[in-house]
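The values are calculated or read from the model by the stated rules, or taken from the named source; none is laboratory data. Just so you know, these numbers come straight off a predicted model, no measurement behind them. FYI the Cβ positions are ideal-geometry reconstructions off the backbone, even for glycines, and counts take in every protein chain you see. Heavy atoms of the whole protein, side chains included, go into the accessibility calculation; ligands, DNA and RNA do not. Shrake-Rupley method; radii C 1.70, N 1.55, O 1.52, S 1.80 Å.
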Amino acid sequence: MAQLTLSQWLDRALNNPRFRENVTSLSHIPASSGSYAPYPAWVHKGLRHVLEKRSMESLYSHQAEAVDMVRKGRDIVIVTPTASGKTLCYNLPVLQRILEESETRALYIFPTKALAADQMHEVHSLINDLGADIRTYTYDGDTPDDARQAIRRQGHVVVTNPDMLHAGILPHHTKWQKLFANLRYIVVDELHVYRGVFGSHLTNVFRRLKRICRFYGADPVFICCSATVANPKEHAENLLERPVELIDKSGAPEADKTFILYNPPIINRELGIRQSALTPARKMASELIGNGIQSIVFTTSRLNVEVLTKYLKDHFKARKPVDDRFVTGYRGGYLPNLRRSIEKGLRDREVMGVVSTNALELGIDIGDLEACLMAGYPGSIASTWQQAGRAGRRAGKSLAVLIARSTPMDQFIVENPDYFFSRSPEHCRVNPDNLLILLHHIKSAAFELPFEKGERFGLEDIEELLDYLEEKGVLHRVDERWHWAAESYPADEVSLRSINPENIVVIDTTQAGNHKVVAEVDWDSAFTTVHDDAIYMVESQQYHVDKLDLERQKAYVKKVDVDYYTDAMTYTNVRVIDDFDKKRHAGIIVEHGEVQVVRKVVGYKKIKFYTSENVGYGDVDLPQKDMHTTSYWFTVPWDLLGGLKLRREEIIDGLRGMAYALHHISAVLLMCDIRDIDHCIGDKSGEWYVRHGAEARMIVSSPQGVSDSAEVMADAYDPTVFIFDAYPGGIGFSELLFEKHAMLIEAVKTLIGSCPCEHGCPMCVGPVLEVGTSAKDAAMKILGLFDQHQG
């Protein structure tokens, strides 16, 4: 049977009534031709010749504008679509200056090792073709010790990541004198990634970087690249704290793109349950890949990557013998060599289908894919367009399909296509003067160079903080200078990404005497993915976890072939430490402040492949994890709830349903990823409510963890609903929610009240099996309290 082209497949799909009835929007973005400009006269003949040999006879207009501004010493941020040639905007002026002045140095900063390796390959191949003595090196955690000295001394272009800059380069700047004294350019790629906590840390790292550059007499030009966000110029200026020129008119041609919003059918009207987004994703991906249409499927979790990869591999193996790499997964945790081979397989079209987390959302070169399926809303409009841009680079036709899950945010996006297509992408925000973050970096900066009296660090006058650190014995003041006085190494005290920098190594012990590392898992994820008896998957190969050894940071696994996967169950509780502000809404107290969040993995479910049936449970005994952050919360007194004529367990279910809806509505209001915030119900002292089947109980936390036996009478406490920032120290979301409390409550009321389900569903209060059949009715009655007792 002849294979279909993408256009033929799309025509057939749209002519199928069962497919078409689930399409809520079909948008056609026509191809556009490019806008070009000649090479400037100052470009080195050899460099121009190399570029022309690569079919770059001229520059795109935005490239010409960028290299001209950089040549004039202006800081810039380039915001153009995927595959529009942003790389040349920095490689051309950097290589040109090195050819003119051989002492010139440049620092390239990429958010991930994978992206750094990809861009390193790009600049390396240019230099090889050029035949010039320009030395380019990657400097990251994997760089061997014996190579580091040579890189410091000889590297013209040093490619690194923010974490290594923070902990491995700036604290040792005296070893990098050659780099800093001759530093002319700093390239910051994927600028939009640096928002929230990560961006707040990076702003402080840039403060330290500029401070060291000044010490060595350098004033480098910053060349920044970003995906489309609402405020690229403002964001770049907030990160760099200096004026930046914006280049956002792309001269690159764009491929013809069809963008479909697809809402899977409801399969249980009574419970309001829709078909899983993985089901249509599996069907569409098998058809596209089977027709030789190279495709990428993005999912919202690492577990979904493995489950969908298994389904697709099973599909193709059942029909014809295919190479195991015909379809593969891609996610964080895969070993670097495996990731590189998958990327190469995509470029060479040996890999025809890849299922990925957002790890492939960034600009790694994976060739010219034709179709992109997104199984679940990625969490932001900016990320959705970034993922969709992975298909259809510069020519031909391409397809992007966003397949909704049952969650309120996914449903809102697909049922309101005008909001999605006309809305500006999200704003990037940073808060570098968050006291915790600022103090960490002032300590690191003082370790690097003494602070002078009157010196500023960013926009803040920091003398008060320097005096505080002197009192603590961390700094020592001599005349007008503060010197580092402690024995510790301050850069090691903080991780820029607010995750534990430690990794767990996954070791396959299937063959006696031939143990090998198959993956690595970050510390926080290890608790939910490689606990004892978990099923862990790599490229859909299943492994049973025999033992998780946290002390030695190893998980020992054996290959198995079972018909289920595991999903961890986590309990969360929140305890109020300090309230910053409070107000009343009707008789209900609304507050925001600092909280302690405790999470504990207590068990796991066994989920059967294909049917998603729950086929068993297991217990998990791991330490709890604590985090201090900021939260918005409101407390509903029992004396108000008592007038609703609801049973206690119905009230708890109603509060749980209300908190679920509030979490999703808050993410829409903040225009943030749903994972940037979290929710919990309990009371302000740290007890929290947990549903076990049909009964609701209040479970008390203890230093040892969760105690099932420590039940208390629910009426001893007033229930509290918390929405908290999911990052240590908080990033300002909770204060915004506190200010918008009344608007939030109205939006939640509208969401739940207008949902057509009878008892509740994932689109309003959450799945009935999790929140109970009374959750929707109870939530509406509780929300009604906000209208009463005014004054």
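Data overview
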item: Along principal axes, Cα extents of region 163-232, largest first, whole Å; result: 38, 22, 15
item: Over region 245-314: Kirkwood hydrodynamic radius from C-alpha pairwise inverse distances, Å; result: 15.2 Å
item: Cα-only radius of gyration and Dmax that characterise region 327-466, units Å; result: 21.8, 61
item: Per residue solvent-accessible surface (Å²) - the chain, probe of 1.4 Å; result: 42 Å²
item: Fraction of the pair-distance distribution of the chain above 44 Å, Cα-Cα pairs, percent; result: 30 percent
item: Of all accessible heavy-atom area on the chain, the percent that carbon and sulfur account for (1.4 Å); result: 48 percent
item: Kirkwood-Stokes translational diffusion coefficient of region 267-405, alpha-carbon pairs, 37 °C, 0.692 mPa s, µm²/s; result: 217 µm²/s
item: Unpaired by the 4.7 Å Cβ criterion, cysteines found in the chain; result: CYS89, CYS213, CYS224, CYS225, CYS372, CYS428, CYS672, CYS680
item: Cα convex hull of region 457-588, projected area averaged across orientations, nm²; result: 16.2 nm²
item: Distance (nanometres) between label positions extended 7 Å along Cα→Cβ at ARG456 and VAL562; result: 6.0 nm
item: Compactness relative to 2.2 N^0.38 Å, alpha carbon Rg of region 414-499; result: 1.60
item: Under 18 Å from the Cα of LYS554 - lysines, other chains or at least 8 residues apart; result: LYS516
item: Given LYS645/LYS781; LYS53/LYS249; LYS740/LYS776; LYS558/LYS606, the pairs whose alpha carbons are separated by over 21 Å; result: LYS53/LYS249; LYS740/LYS776
item: Whole-angstrom gap from region 83-134 to region 160-220, using each part's C-alpha centre; result: 17 Å
item: Under the Debye formula (equal points on every Cα, no solvent term), log10 I(q)/I(0) of region 558-642 at q = 0.23 Å⁻¹; result: -1.04
item: Reachable lysines from LYS443, criterion Cα separation under 17 angstrom, eight or more residues apart if same chain; result: LYS210, LYS453, LYS472
item: Translational diffusion coefficient (Stokes-Einstein; Kirkwood radius from C-alpha pairs) of region 124-189 at 10 °C, 1.306 mPa s, in µm²/s; result: 125 µm²/s
item: ASP433 - accessible surface, heavy atoms, 1.4 Å probe, Å² rounded to 10; result: 50 Å²
item: Largest to smallest principal axis extent of the C-alpha atoms in region 22-181, angstrom; result: 54, 49, 28
item: Value of [θ]222 nm, deg cm²/dmol, for the chain, DSSP H segments ≥ 4, -39500 (n - 2.57) each, nearest 500; result: -10000 deg cm²/dmol
